1. Please get the size of the charge dipole for region A:105-195, origin at its Cα centre, with Cβ charges of +1 on Lys and Arg and -1 on Asp and Glu, quoted in debye to the nearest 20.
2. Determine the distance separating the Cα centre of region B:12-35 from the Cα centre of region A:38-56; give it in Å without decimals.
3. Test of understanding: in a Gaussian network model of chain A with alpha carbons linked when under 10 Å, which of A:172, A:70, A:112 would top the mean-square fluctuation ranking?
4. Distances over 15 Å make up what percent of all Cα-Cα pairs in region A:86-182?
5. Among A:7, A:109, A:92, whose Cα sits farthest toward the positive end of the charge dipole of region A:1-110 (+1 at Cβ of Lys/Arg, -1 at Cβ of Asp/Glu, about the Cα centre)?
6. Over the alpha-carbon set of region A:5-91, work out the extent along each principal axis and list the three values in angstrom, largest first.
7. Tell me the Kirkwood radius of chain B: reciprocal of the mean inverse pair distance over distinct alpha-carbon atoms, in Å.
8. Could you give the size of the charge dipole of the protein assembly as shown about its Cα centre, using +1 on the Cβ of each K and R and -1 on the Cβ of each D and E, expressed in debye and rounded to the nearest 20?
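Taken together, the values in this text are just the output of simple stated rules run on the coordinates, not laboratory data. On a predicted model such as this, the values are computed, not experimentally measured, just so you know. No Cβ is skipped: glycine too gets one built from the backbone with ideal geometry, and neighbour counts run over all protein chains shown.
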2 protein chains.
Amino acid sequence: MASTIDFYFEFSSPYGYLASTQIEALAAETGLTLKWHPILLGPMFKAMGSAPLTQIPLKGDYALRDFKRSAMLAGIPYTQPGTFPIATVAAARAALHAREHHPERAPALIKSLYRAYFADGRPIDQADVVLDVAQESGLDRDEVAQGIESDPIKIALKKEVSEAMERGVFGSPFILIEDEPFWGFDRFEHVKKWVALKGGQ
Amino acid sequence: MASTIDFYFEFSSPYGYLASTQIEALAAETGLTLKWHPILLGPMFKAMGSAPLTQIPLKGDYALRDFKRSAMLAGIPYTQPGTFPIATVAAARAALHAREHHPERAPALIKSLYRAYFADGRPIDQADVVLDVAQESGLDRDEVAQGIESDPIKIALKKEVSEAMERGVFGSPFILIEDEPFWGFDRFEHVKKWVALKGGQ
């Protein structure tokens, strides 16, 4: 019987943002323990010879429209950032630092970072902005600043990404329940049905 | 107020097959008139520099799993065809011939062709098999055989594909309600919500 829902997300991913607003409810509904995994899509896209959605001809325009509509239909605030996609190493490291050292504050930080970028238009590619959001989320700014520059956190993020790839993760958001993979915010209903069928609780 | 739901599909598309089983219910529920558009993805993939899902590293294995699971969770019979994807020119031409000359029989033919390939493992890349299915769907075998080799139907299919691309269609299934695009079987719920919001009926 499955017990954990592994939630993989990249901070520059619009569907990852949408998922971040509902993942706790999904875990609660399925009775699974939620584990947050910040990752970077860059290395995965490299492995697939892929590109960010919005840079693909035809699909790109549709994607921008679908981000906004998916948010609107789910009642989630969304403003397409002018600079997109962005580098999210600092944000991912901050999230990992919080998960490792202040696990009770990590979910709030992750959700706040996403909201800062996708609802409030704040440039979370900048370490200073990440630290502002960390402070607003009740974390110690200086401690997080040291954390995101520390070797253990740098190594931990690389490990998260390589372990995710070994488990078959290739996008964001991505959910694993043991070895069952679900890619996309639009698979949340499948997760619920699948857990109900397989007896997740 | 929108009145038509344009449904674009490629016969080698698993999600197109799943959509074909529910599109009439979707049209009924939204009060829109359904128009069936057989298309070929080949020319679209060429324009995007894209490839069939199952040929993309990492994504390919997931896709095969998701086809089956999506069908299972929706209660639709599905067996992954051994030969996949396939050329579907004959099937698409037969569907167009039926739509143009026997519109009342076209939906049954389209659904039967999809089921033949994705549930019964019949090789609908072969014109003979397409004609068998046409006959089983109450169409005249010889007439359809002539139809799929006729210039008007060949031209009509090319026109469907180029018009679809002009309207921004790049995948299967693809729905257009006026100029609002919905890509994927997993967007059916969005179609319902969107029509309810915009006042489709």
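1. Details: 12 positive and 18 negative charges, 66 e Å.
It works out to roughly 320 debye.
2. 32 Å
3. Most flexible of the set in this elastic network: A:70.
4. Working: 2831 of 4656 pairs.
Across region A:86-182, Cα pairs with separations above 15 Å total 61 percent.
5. A:92
6. For region A:5-91, the Cα extents along the three principal axes come out at 40, 31, 22 Å.
7. Values: mean 1/r = 0.0584 Å⁻¹.
By the Kirkwood definition, the hydrodynamic radius is 17.1 Å.
8. Values: 42 positive and 52 negative charges, 14 e Å.
My answer is approximately 60 debye.
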